[in-house]
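Okay, so here's the structure we're looking at.
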């Protein structure tokens, strides 16, 4: 299947390591040193402010449960330095400090003269700039920064189960809601038992400067693409400037540390979840939303949906493509219910519409039909005028 992730950059496996050869020191998973703004090393007021900023952040973050921001002001706006440091919420203070100290050294070595940079590690991240980025979820289609890695452990392929996306989608949707709306540290981790002998593990985290809705949107951007670009793998790691997701077929975290990191829990809003449309944005031809799908027949849990309009190709309302699209969307719920999967095409080129729907294997036919129908309605209202979209909920997906 053609990749849905043109905006993601594959990280070489050599970068996904945790220590440097011969030294017990964290290795960056990703480093970004934009060259569009620079300063003269050795003779710049900005460098003096940046040095002061970077020297302060590791200790400040460790003293504040793994998160800190700081600003060093100058005589002019060009001399200001803004910085953010954060550790994975489940690591201890020693690991946090070691990781952030390494990040400061790596910035000095790899980004001399650059006024902005970001370094991501397994246990921490460090970011600085000459302009403020605090509390800002960069919603632009920044095609150079989203990073993902699909992990296949060839040596243990027979022992390592492949990820199964329907149980994982349920887990990740729930973790997104917990990290965004229930965790003071914008962090959540947990597991789901796919079969009696196979358990999958997930972890999600946002930078703590994000508002809850922005954290929700940042994390939910990853989910629609995972099943297509990381099919038949044993692990996935995805990163954005402001959030990250990791899933594995083995327990990669300490359950005790995770439990401590997820407390104290932020009280849930009345009703237990964000209202429909409370976390949604439209920018140009791009729309994202996270909300509550009406509970399905006999469903015990509340299912959240994520929709993304991923194309900048428009159609004329009232034209042939819209008619074909409406016919397609009306056909998919019943077609998917009969076997859990359906694909169809309606109309003729150049106005032909193609669609695919799939339900979780344990979803009943009525639940499958209702889920696909609900997502069809959400796409119709949320992606009006756009020729491509995808929607994911716990029991089903529609593209």
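All of the numbers you see were taken from the coordinates with simple rules; none came from a lab. Fair warning: this is a prediction, and the values are worked out from it, not measured in the lab. Don't worry about glycine lacking a Cβ; one is built from the backbone with ideal geometry, like all the others, and counts go over all protein chains shown.
What's the exposure ranking of 176, 195, going from fewest to most Cβ atoms within 10 Å?
195, 176
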Requested in this report: Figure the gain on full extension for residue 365 and residue 108 (residue separation times 0.36 nm, minus the Cα-Cα span) and round it to one decimal in nm.
Outcome: 86.7 nm
Query raised in the report: What FRET efficiency comes out for the pair residue 195/residue 388, r = Cβ-Cβ distance, R0 = 45 Å, nearest 0.05?
Result: 0.85
Query raised in the report: Quick one, what does Rg over Rh come out to for segment 160-220 if you take C-alpha atoms and the Kirkwood Rh?
Result: 1.04
Requested in this report: Report, as a whole number in µm² per second, the diffusion coefficient that Stokes-Einstein gives for segment 317-399 at 4 °C and 1.567 mPa s using the Kirkwood radius over alpha carbon pairs.
Outcome: 103 µm²/s
Query raised in the report: Residue separation times 0.36 nm, minus the C-alpha to C-alpha distance between residue 162 and residue 334: what's the value?
Result: 59.0 nm
Report summary line: By Cβ neighbour count within 10 Å, fewest first, 252, 321 rank 252, 321
**Report entry** Cβ-based exposure ranking for 71, 258, in which fewest neighbours within 10 Å come first
**Finding:** 71, 258
Query raised in the report: Sorted by packing (mean other beta-carbon atoms within 10 Å per residue), highest first, where do 82-93, 322-333 land?
Result: 82-93, 322-333
Query raised in the report: Once label points are set 7 Å from the Cα along Cα→Cβ at both residue 380 and residue 92, what is their separation, rounded to one decimal in nm?
Result: 5.7 nm
Report summary line: Per principal axis, largest first, the Cα atoms of segment 28-107 extend in Å by 38, 25, 18
Query raised in the report: Suppose R0 equals 45 Å; then what is the FRET efficiency for residue 75 and residue 184 from their Cβ-Cβ distance, rounded to the nearest 0.05?
Result: 0.75
Query raised in the report: Taking Cα centroids, how far is segment 316-362 from segment 30-77 in Å?
Result: 51 Å
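Below 8 Å between Cα atoms, with a sequence gap of 6+, how large is the relative contact order for segment 33-129 in percent? Could you put the intermediate results ahead of the total?
Working: 167 pairs, mean separation 30.4, N = 97.
Computed over segment 33-129, the figure is 31 percent.
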